[in-house]
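Colleague: A single structure is presented below for examination.
No lab work stands behind these numbers, since they all come straight from the coordinates. Here the structure is a predicted model, which is why all the values come from computation and not from measurement. Using ideal geometry, Cβ is built from the backbone for each residue, glycine included, and neighbour counts are taken over all protein chains shown.
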Amino acid sequence: LEDQVRQAQKLEAVGQLAGGVAHDFNNLLTVVNGCGELLLTDMAADAAPRPLVEDIVRAGQRGAALTRQLLAFSRQQMLRVEVFDPNRVLEETAKLLARLLGEDVTVRTVLDPAAGFVRADVGQVEQVVINLAVNGRDAMPRGGALVIETAPVDVAAADLPASTDARPGRYVRLAVADTGTGMPPEVQAHLFEPFFTTKPPGKGTGLGLATVYGIVRQSGGFLTVRTEVGRGTTVAVHLPRHEPEPAAPKSAPRPKPRATG
Ligand code: ADP
């Protein structure tokens, strides 16, 4: 697992670089496309250079579509970070999933009301849970149970997976458990690598868990995976718990620091 996390971190860095380049490229392409389109509107329908300008605009549009895809993967879009109760979001996501995943998969939630708040992008957290749930469904071709769980956890240094930036402290655990095929070691070894998939072409992109990894890391959290062949898999996302600001004391003012020495 250590190796695969390091590998994912490297790819994360490459992704960030690609995202930065894509962003600048997008700005350049806006100029190319804008000027090309202006030229076309000013040009007679039978003007000789018209097909050439049309080619420029078409290529520019293809380039813009490509950079958009790259940006989405490296998640350089605007983040909308807010403090929220993940239970409220997961309640809704579970309803959506129950409809999305088909009749053979039962979706159950076990949401601890004391789980606590997190500070993250709601859309990204939904995305994480949906990616994990879809993987769970795919691992249960003959149906099964999917459980979405939250809980507050105190994480000690020894509980942290190796090579994570996350620190010991209080976390909110969001777990997705399935009763599917589980994963043999050779699959576990590549789990978070972009484009690693065991699914047939057209079914899997291999970007699901790489995206989950990136989002969780960006939110200051970490992931744990427990899996057993023939029994199922639990992927747990840990997000730092957002502690409310201590309330200002009302009656008794804080004692003034006394000068010493
Ligand atoms: P994709 O789902 O497109 O294949 P992912 O990155 O989400 O890409 O997953 C990579 C691979 O990890 C899957 O192809 C599958 O082999 C394995 N996998 C992920 N989640 C599970 C799970 N819950 N149970 C069994 N295998 C899983």
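Colleague: Using a 7 Å offset from the Cα along the Cα-to-Cβ direction at both D24 and L38, what is the distance between the two label points in nm, to one decimal?
Modeller: So the two model labels end up 2.4 nm from each other.
Colleague: Still on this structure, I have one more. Give me the one-decimal nm value for the distance between modelled label points at A157 and V31, 7 Å along each residue's Cα-to-Cβ direction.
Modeller: 5.2
Colleague: May I pose another question? Under a 5 Å amide H to amide H cut-off, with H placed in plane at 1.01 Å, what residues pair with G144 once short-range neighbours are removed?
Modeller: V105, T106
Colleague: Provide L38, L132, L101 in ascending order of the number of other Cβ atoms located within 10 Å of each residue's Cβ, fewest first.
Modeller: So the residues, fewest neighbours to most, are L38, L101, L132.
Colleague: Another one. Using amide H atoms built 1.01 Å from N in the peptide plane, name the residues 5+ places from F117, or on other chains, whose amide H lies under 5 Å from its own.
Modeller: It is H242, by chain and number.
Colleague: Can you run phi through the Karplus equation (6.51, -1.76, 1.60; θ = phi - 60°) for the stretch 79-94 and list ³J(HN,Hα) in whole Hz, with x for Gly and Pro?
Modeller: After applying 6.51 cos²θ - 1.76 cosθ + 1.60, I find 8, 10, 8, 8, 8, 8, 8, x, 4, 5, 5, 5, 4, 5, 4, 5 Hz.
Colleague: May I pose another question? Please give the contour-minus-distance gain from K199 to V229: 0.36 nm per residue of separation, less the Cα-Cα distance, rounded to one decimal in nm.
Modeller: This chain segment gains 9.1 nm when fully extended.
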